[in-house]
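Beneath this line is the structure, given in structure tokens, with notes to follow.
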Amino acid sequence: MEFLVVGLNHRTAPVEIRERLALNKEQLPEALSAMTSHGMTGVILSTCNRSEFYVLDTPSAKPSESTAVSLGGFGSGSQVPNQDGANRVKQFLVERFGISLLDVDRYLYVYRGYDCIHHLFRVASSLDSMILGEEQIIGQVRDAYEAATNAGTAQGPLAQLFQRALRVGRRVRRETGISRNALSVSWACVEMAKSVLGDLSNSRVLVIGAGEAGELAAEVLSLSGVTDITVTNRTFQRAKELADNLSAKAISFDGMPQALQDSDIVIGCTGSPGYVLKSDLIGATMADRPDRPLLLIDIAVPRDIDPEAALVHNVFLNDVDDLEFASQASRAKKAKEAEWAEELATDEAQQFRQWCLDLEALPTVIELRNRADQVRSSELRKTVRKLNGQLDEEALESLDAMTRAIVNKLLHEPTIFLKERKGPEELQVARDIFRLGEEGLKSPD
């Protein structure tokens, strides 16, 4: 088997495509169960900037007759990849999200084996994030893994992969400066507001959503000198808790139309599956205040604000894809740290691939040594019978030790050869040559 990921992110797909494959925490258990019904167990990582589906796939190489589980596909890449696993994931996406594959296929990437390992390690290290060094992604990877663990879909090799990815992410943050003065998408949206309006201290801001993104946005606004912050959330108590912590105001969703009338900036960051702010509500709001501009910043995926709101006079709408400028600024400031982090992630990926290769080769190596010892023991017994008691106990022990040493020396190089760098094809050749795993072989005796 080999690791496989099918996904899209902020570099391969615009937000209007990403939101069609987005899942929130509450939706993950059902989606993981649905994926299992398609014959795949795995982990789903869904954030505002990516939706990725990690599974274990069975390669198209000739199957081993051993009953041992294999972790093939981590070699040099010479094997022609099997497309069945990727196609099954894509079929799941079509059925689960009600999309046409023609609409999204060109935005999807498929990584296998080592490439999948390396990709996940870079993701957990925030190297693949829109904002380099952002802190939220490692928590999102952890949440995705925990959801799959609770659903029983992240076991064995996949569990090992995600546990290692989390360790790599923590190591990168600990040993490099990539997360020093870490930024976030919420920070970037406030920076965007500054670039448009300048000083925000006199601005009235409405934050829609009191989850992690809303909390971060409200905190950054407060640190930027904004004193007039209103928070709304479907669960009013959560909005009140956040508002109390920041000396802000909390309102219910029902109070949103009036809050819009009073606001200069609106930040949408809920986990709602549909638009929270419809264009007709924005139109009605601006009809009553035509001369006061309204800046809308939508960092939610799926989006919170109807994109048609941008057509309303004096409304300026930006979504999460418009924050790319912050990404470039962050990368420029942390170029050296990013280079170091890339080296660590690559080194860790290579080490994990070697661990997989060793694990894959182990059943074949054990069977090969067992077969050799079977032959050795049989020939030793024949020799001892022919000598008919001419050897004392000490001589018999010496003879036994000598034959074991011969077998060990003969198998040393083949063992190294199989463990160091060999994939499914080489392992299968070894199994064929020595007829490993075959039932009913005639005893050497």
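The values are calculated or read from the model by the stated rules, or taken from the named source; none is laboratory data. In this text, all values refer to a predicted model and were calculated from it rather than measured experimentally. All Cβ positions, even for glycine, are placed from backbone atoms using ideal geometry, and neighbour counts span all protein chains on display.
Residue-by-condition table, conditions (1) assigned by TED's automatic domain parsing to the domain that holds Thr36; (2) modelled with pLDDT under 95; (3) closer than 22 Å to Leu56 by Cβ; (4) in contact with a strand residue (DSSP E or B) (Cβ under 7 Å, 6 or more places away or on another chain):
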site: Tyr107; (1), (2), (3), (4): yes, no, no, yes
site: Ile117; (1), (2), (3), (4): yes, no, yes, yes
site: Val123; (1), (2), (3), (4): yes, no, yes, no
site: Ser126; (1), (2), (3), (4): yes, yes, no, no
site: Gln136; (1), (2), (3), (4): yes, yes, no, no
site: Arg167; (1), (2), (3), (4): yes, no, yes, no
site: Arg174; (1), (2), (3), (4): yes, yes, no, no
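Here's the yes/no breakdown for (1) under 17 Å from Glu134 (Cβ atoms); (2) assigned by TED's automatic domain parsing to the domain that holds Pro257:
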{"site": "Met286", "(1), (2)": "no, yes"}
{"site": "Asp291", "(1), (2)": "no, yes"}
{"site": "Leu296", "(1), (2)": "no, yes"}
{"site": "Ile299", "(1), (2)": "yes, yes"}
{"site": "Ala310", "(1), (2)": "no, yes"}
{"site": "Asn314", "(1), (2)": "no, yes"}
{"site": "Val320", "(1), (2)": "yes, yes"}
{"site": "Glu342", "(1), (2)": "yes, no"}
{"site": "Gln351", "(1), (2)": "no, no"}
message: Taking the conditions exactly as written (in a strand (DSSP E or B), modelled with pLDDT of 95 or more and over 19 Å from Tyr145 (Cβ atoms)), does Val43 satisfy them or not?
response: no
query: Of all the residues that make up the stretch 271-301, how many are surrounded by fewer than 24 Cβ atoms within 10 Å (Cβ to Cβ), in contact with a Lys or Arg (Cβ under 8 Å, 6 or more places away or on another chain) and within 19 Å of Asn49 (Cβ to Cβ)?
result: 2
field: Enumerated helices (runs of 4 or more DSSP H) restricted to the stretch 244-354, each holding at least 3 residues that are closer than 18 Å to Val207 by Cβ, more than 36 Å from the chain's Cα centre (by Cα) and not acidic (Asp, Glu)
entry: 256-262, 279-288
query: In the stretch 177-194, what residues are without any contact (Cβ under 8 Å) to a residue 60 or more places away in the chain and out of contact with any helix residue (DSSP H, G or I) (no Cβ under 8 Å at 6 or more places or on another chain)?
result: Asn181, Ala182, Lys194
- prompt: If you go through the stretch 199-208 one residue at a time, do you hit one that is under 30 Å from Gly274 (Cα atoms), of a type in the set (A, V, I, L, M, F, W, C) and assigned to a helix (DSSP H, G or I)?
  reply: no
task: Just give me the residues in the stretch 302-332 being surrounded by fewer than 15 Cβ atoms within 10 Å (Cβ to Cβ) and within 17 Å of Gln261 (Cα to Cα), in sequence order.
output: His313, Asn314
statement: Expected output for the stretch 387-405 (first residue surrounded by 12 or more Cβ atoms within 10 Å (Cβ to Cβ), partner of a type in the set (A, V, I, L, M), Cβ below 6 Å, 6+ apart or cross-chain) is Thr403/Leu380
